1. Mind ranking E250, E260, E150, E102 by accessible surface for me, highest first, 1.4 Å probe?
2. Taking springs between alpha-carbon atoms closer than 10 angstrom, which of V191, V294, V179 fluctuates most in the Gaussian network model of the chain?
3. Please check: in the Gaussian network model of the chain (C-alpha springs, under 10 Å), which one of V76, V63, V189 has the largest mean-square fluctuation.
4. Which whole number in µm²/s is D for the chain by Stokes-Einstein, with the Kirkwood Rh taken over Cα pairs at 4 °C and 1.567 mPa s?
5. Considering only protein heavy atoms, what per residue accessible area in square angstrom results for region 163-308 with a 1.4 angstrom probe?
6. Percent antiparallel among DSSP beta bridges with both residues in the chain, to the nearest 5?
7. Hey, rough spin-label estimate for A274 and E250, points 7 angstrom out along Cα→Cβ, what's it come to in nanometres?
8. Using a 1.4 Å probe, what is the accessible area per residue for region 1-110, in Å²?
Amino acid sequence: MDVASTAEAIRSMEIRGAGRIARAGASALLDLAQSYHGEDEASFLAELDAAKRTLLDSRPTAVSLWNGVHAVVRGVKDQPDLASMLALVESNAQRFITRSEEAVRQISLIGAKRIQDGDVIITHCNSSAAVGVLKEAYAQGKRFKVYATESRPWRQGIITVNELAEAGIDVTLIIDSAVRSVMKYANKVFVGADTVTSHGALINKVGTSQVALAAKEARVQFYVCAETYKFSPMTLFGDMVTIEERDTEEVAKDGEVRPEVKIFNPVFDSTPAAYIDAIITEAGMISPGSVYQVMVESLGEEAFRMED
């Protein structure tokens with residue numbers, strides 16, 4: 001899809017999930033470069049900058065999208081001519097998309113080692129990385145049971161249970177408020193990530209922190225499956241992660257509640273590092289306290305030269 005269509009699909013949540021959003025943004029910029037027919041470097045840079053703004057504004061809190069878009073445009077302004085600019089956008093985009101897809105495969109292989117026969121696992125929302133871990137473990141011959149939350153108001157849990165059931169995994173859909181009741185049967189939790197801060201806190205689908213709190217109380221292992229491009233370089237400089245709020249009609253349709261009733265509809269919440277046993281990345285399984293070091297190693301000096 002082109003940039004405008006991609007941005008609208010991200011905004012409307014037709015494209016959802018941090019990894020899918022990042023790859024969609026990179027693909028849109030790749031399409032822009034491949035379809036560009038102008039002959040002026042300045043015009044292309046202006047169009048590229050406008051495309052970057054459009055994509056980032058579609059989900060301003062999604063650090064995966066921020067990192068993906070900036071990975072694609074990195075170094076373009078330094079190229080000597082238009083042909084080099086177009087070629088660099090294409091190679092950057094293809095490299096990021098490949099890296100993103102490979103990261104999910106590596107996380108699946110690493111995370112699957114933490115699953116054993118007879119495990120009872122809880123997962124929340126829909127994460128390609130977390131689902132990948134479960135599907136890989138099942139493909140290796142391990143047999144276990146999964147409880148997946150419905151994840152209101154968008155009910156992304158429906159996607160999760162269908163994916164797991166199609167793979168042959170024993171899966172049960174539960175309402176979000178049943179997590180504490182089910183946690184007493186579980187021994188592991190696997191969730192994805194929208195953002196991981198430099199101090200190891202997790203920003204993920206609202207309700208994740210409640211799952212983590214219940215797991216901590218019940219002494220259930222809590223694992224985060226996160227590609228390193230979901231680590232937020234902005235938090236290195238003290239920036240807070242803004243929690244996006246969406247339309248109140250996702251919770252209650254117009255006329256369902258009295259007009260004086262207020263509705264709070266946050267997309268994400270924050271889970272403290274202390275509630276996380278380990279973060280499973282393509283670079284290996286790390287503790288929340290190791291995020292800063294991994295972030296610096298994976299992003300290099302670019303992490304310290306912030307762009308808008």
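1. E260, E102, E250, E150
2. Of the options given, V294 has the highest mean-square fluctuation.
3. V76
4. Estimated diffusion coefficient is 64 µm²/s.
5. Values: 7360 Å² over 146 residues.
I get 50 Å² per residue for region 163-308.
6. 35 percent
7. Computed distance between label sites A274 and E250 equals 3.0 nm.
8. Spelled out: the 1.4 Å probe surface of region 1-110, per residue, equals 43 Å².
The values are calculated or read from the model by the stated rules, or taken from the named source; none is laboratory data. Since we're looking at a predicted model, the values are computed, not measured. Here the Cβ is made from the backbone with ideal geometry for all residues, glycine too, and neighbour counts use every protein chain on show. The area values use the complete protein model at the heavy-atom level, side chains included, leaving out ligands, DNA and RNA. Shrake-Rupley method; radii C 1.70, N 1.55, O 1.52, S 1.80 Å.
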